[in-house]
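Heads up: the structure comes next, in structure tokens.
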Amino acid sequence: MFKTQGFKAGLISLLLFLLFLGAWSLATFPKEQATLSGADAEYAALMGKGAEKSSGFPAPGKVGEAFVTYLSDPFYDNGPNDKGIGIQLAHSLARVALGFLLAVAVALPLGFAIGMSPLLLQAFNPFIQILKPISPLAWMPLALYSLKDSDVSGIFVIFICSLWPMLINTAFGVASVRKDWINVARTLEVSPLRKAFQVILPAAAPTILTGMRISMGIAWLVIVAAEMLVGGTGIGYFVWNEWNNLALPNVIFAVVMIGLVGMILDQIFGVLQKFVTYRE
Amino acid sequence: MTQHFLSVEGLKKAYPGTPTPVFENIHFAIEKGEFVCIIGHSGCGKTTILNVLAGLEEASGGVVIMDGREVSGPSLDRGVVFQSHALMPWMSVLANVAFAVKSKWPDMPKAQVEAHCTKYLEMVGLGQAIHKKPAELSGGMKQRVGIARAFAIEPKMLLLDEPFGALDALTRGTIQDELLKIVQATHQTVFMITHDVDEAILLADKVVLMSNGPLAKIAEIVEITMPRERTRADMHHDPQFYRIRNHLVDFLVNRSKGYAGSDAAVLHDAKHPPVVRPGLVEEEAPESATFRQPPQLKQVVNH
Ligand SMILES: Nc1ncnc2c1ncn2[C@@H]1O[C@H](COP(=O)(O)OP(=O)(O)O)[C@@H](O)[C@H]1O
Ligand SMILES: [Mg+2]
């Protein structure tokens, strides 16, 4: 029964996708030639190849072409404004990874400390509450000014937006470790370090990983916006650059790529989560 | 006064914000190799006493002395079996016990740790399940792992907080038998909380009766005078059984509540709670007599 439901769902998904493609084709197909007259035609002649891109919303075929072109050679590098999609994604992923790892390095120990000590929790709480709702992009000017490097600023923005969910979840996970388990460790005179790594960490791991998954989701949302702002490299810059070229098929291609990579990142954390989750 | 293995002297516990202490002036002693059960109504402070003995909680007053040393903080000398088994669900059964064994003997080689743990798990009948996760076990099996874990560190004393409270009667019976066998073989000193009168009679050498709180008292200490080699199957045939059972049930049902205002309380010497042996009294005193003159006074044994 499970199999058949999965099969049916897949079938419906495919149908929906075809329906979407059909509607898209219908909406973009005939107008193009009809309206391409008079001034438009002149303009097109003036602009040469470029005008092709500006004429209305791109049809599925055009976007398909973009997919084929970019995916057939994802790693070419022809200077600052013309790099393969693989390279652009790699730049974004590298920034996200760096910022995220920095956030892990801060959030885990600090979250542990806050979670273990009600005093620290209360002391840190006002700062967390105020800093948490700040849009990470609001930090950008300050980051650019003080760090003086667009790349580092991008990483900083990722760091600051990944920090809060991880910090809060770690503190919460550590604080709500079952008292029984702590008492077992106490009656066995377990050393603090062993208690932290063999009791508290595994007990809080599912909560901590949920925080990491949320952080990663936010980081991937934010990196696109951050790269649009700072420019240079990355998938966000690619989107911005193609928009400035009015190359909408490329923009659509990039948008789909962003979605796919985001989904893969989320799935990776889903697997990790399954790995540390325990059944009571 | 002779030196006891464990003595509780003038124990008091008051929670901040509550006017009357849960209990105060609690005195009792446990000898080496003795199995002591404590019975009392819910909320009278049994768990609190056990946690103080374990060193998990601090008393507001009084001391606990074990083996000549004052108890301050938890120690590997005292194994605890928790009511909710408290197994770490991410560890296998073996790893749970090994965690305890490695805590006690950090330098023990891996193979020896495993052999040691397996021995104790086999003792509670779990030789087949050592690689399972706690979630794959029944409630009774989990509690057995908890018992194996506590025994495996070979503590000087074992503390059990209603270990079988959550189990069905059948499972409880089997595990009681197992515990009895192990205790008889190892001569382990045990302090156990229970609300099951039959369980107390089966397992204990003496039963501490606690009156209701707040200001709970050790009302009396009942010696179980039946032969130590009793089993669950045949203890009902001993005429002592019903006398002891009636005495305990009578306490729980009738006397524990009004204890604070009764004649017994007036004569109560907290330092020497009356020790009674209801099993050895041939005939029950008539109802009216019990009312005026509580039976425990007639049966007081000098100590
Ligand atoms: N943290 C606490 N704060 C205030 N009162 C408490 C706390 N823990 C236990 N108590 C009170 O202490 C009394 C004894 O509790 P407990 O030792 O658990 O009883 P028992 O195990 O005999 O059922 C209860 O009346 C309970 O309300
Ligand atoms: Mg209790």
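What follows is calculated from the coordinates using simple rules that are stated; it is not laboratory data. Being a predicted model, the structure only gives us computed values, none of them experimental. Note: ideal-geometry Cβ built from the backbone for every residue, glycine included; neighbour counts use all protein chains shown.
May I ask you to work out the translational diffusion coefficient for the stretch A:67-163 at 10 °C, viscosity 1.306 mPa s, via Stokes-Einstein with Rh from the Kirkwood sum over Cα pairs, reported in whole µm²/s?
101
Evaluate the Kirkwood expression for the hydrodynamic radius of chain A, namely the inverse of the mean inverse distance over all pairs of different C-alpha atoms, and round to one decimal in Å.
Computed over Cα pairs of chain A, the Kirkwood hydrodynamic radius comes out at 22.3 Å.
Let me know the whole percent of all Cα-Cα pairs from the stretch A:165-280 that are separated by more than 17 Å.
Everything past 17 Å amounts to 65 percent.
Along the Cα→Cβ direction, 7 angstrom out, place labels at residue B:18 and residue A:279. What is the inter-label distance in nm?
With each label point 7 Å from Cα toward Cβ, the separation is 3.9 nm.
Take A:157, B:63, B:93 and order them by how many other Cβ atoms sit within 10 Å, fewest up front.
B:63, B:93, A:157
Could you give the dipole magnitude of the stretch A:90-227 about its Cα centre, charging the beta-carbon of Lys and Arg +1 and that of Asp and Glu -1, in debye to the nearest 20?
Dipole of the stretch A:90-227, to the nearest 20 debye: 380 debye.
Please state, to two decimals, what the Cα-based radius of gyration of chain B comes to when divided by 2.2 N^0.38 Å (N = residues).
Here the Cα radius of gyration is 1.03 times the empirical estimate.
Pick from A:181, A:243, A:139: which residue has the top mean-square fluctuation in a GNM of chain A where Cα pairs under 10 Å get a spring?
A:181
Fewest to most neighbouring Cβ within 10 Å: what's the order for A:237, B:15, B:120?
Ranked by crowding around the Cβ, least crowded first: B:15, B:120, A:237.
Taking the number of other C-beta atoms within 10 Å as the exposure measure, put A:215, A:135 in order starting with the fewest.
Placing the least packed residue first, the sequence is A:135, A:215.
For residue A:138 and residue B:170, FRET efficiency with R0 = 41 Å and r from the beta-carbon atoms, rounded to 0.05?
0.05
Return the single residue from B:80, B:145, B:101 with maximal mean-square fluctuation; model: Gaussian network over chain B, springs between Cα atoms under 10 Å.
Of the options given, B:101 has the highest mean-square fluctuation.
Take every Cα-Cα pair in the stretch A:144-216 and report what % of them are more than 13 Å apart.
Considering the stretch A:144-216, 69 percent of its Cα-Cα pairs are separated by more than 13 Å.
Apply the Karplus curve 6.51 cos²θ - 1.76 cosθ + 1.60, θ = phi - 60°, to the phi angles in the stretch A:136-143 and return the couplings in whole Hz, x for Gly and Pro.
My calculation for the stretch A:136-143 gives x, 5, 5, 6, 3, x, 4, 5 Hz in order.
Would you work out the relative contact order for chain A, in percent, from Cα pairs under 8 angstrom that are 6 or more residues apart?
21
In nm, give the distance between the simple-model label positions of residue B:250 and residue A:18, each being 7 Å from the Cα along the Cα-to-Cβ direction.
Here the modelled spin labels are 8.7 nm apart.
Work out how much length residue B:105 to residue B:58 would gain on full extension: take 0.36 nm times their residue separation and subtract the Cα-Cα distance, in nm to one decimal.
Result: 14.2 nm gained on full extension.
Specify the residue with the greatest mean-square fluctuation among B:61, B:17, B:279, computed from a Gaussian network of chain B linking alpha-carbon atoms under 10 Å apart.
Maximum fluctuation in the GNM of chain B, among the listed residues, is at B:17.
Calculate the tail of P(r) for the protein assembly as shown: the fraction of all Cα-Cα distances greater than 46 Å, expressed in %.
42
Evaluate the relative contact order of chain B (contact order divided by residue number), counting alpha-carbon pairs under 8 angstrom at least 6 apart; express in whole percent.
Averaging sequence separation for qualifying contacts and normalising by length gives 22 percent for chain B.
Binning at 10 Å from 0, report for the stretch A:90-227 what percent of all alpha-carbon pair distances ends up in each bin.
With 10 Å bins starting at 0, P(r) equals 13, 38, 29, 15, 5, 0.
Semi-axes of the stretch B:78-154's equivalent ellipsoid from the Cα gyration tensor, sqrt of 5 times each eigenvalue, largest first, rounded to whole Å?
Computed over the stretch B:78-154, the values are 18, 13, 11 Å.
Grab the beta carbon distance between residue A:148 and residue A:191, set R0 = 60 Å, and tell me the FRET efficiency rounded to 0.05.
In this case the efficiency is close to 0.85.
Counting only other chains, what is the mean number of Cβ atoms within 10 angstrom of the Cβ of each residue in peptide B:87-94?
5
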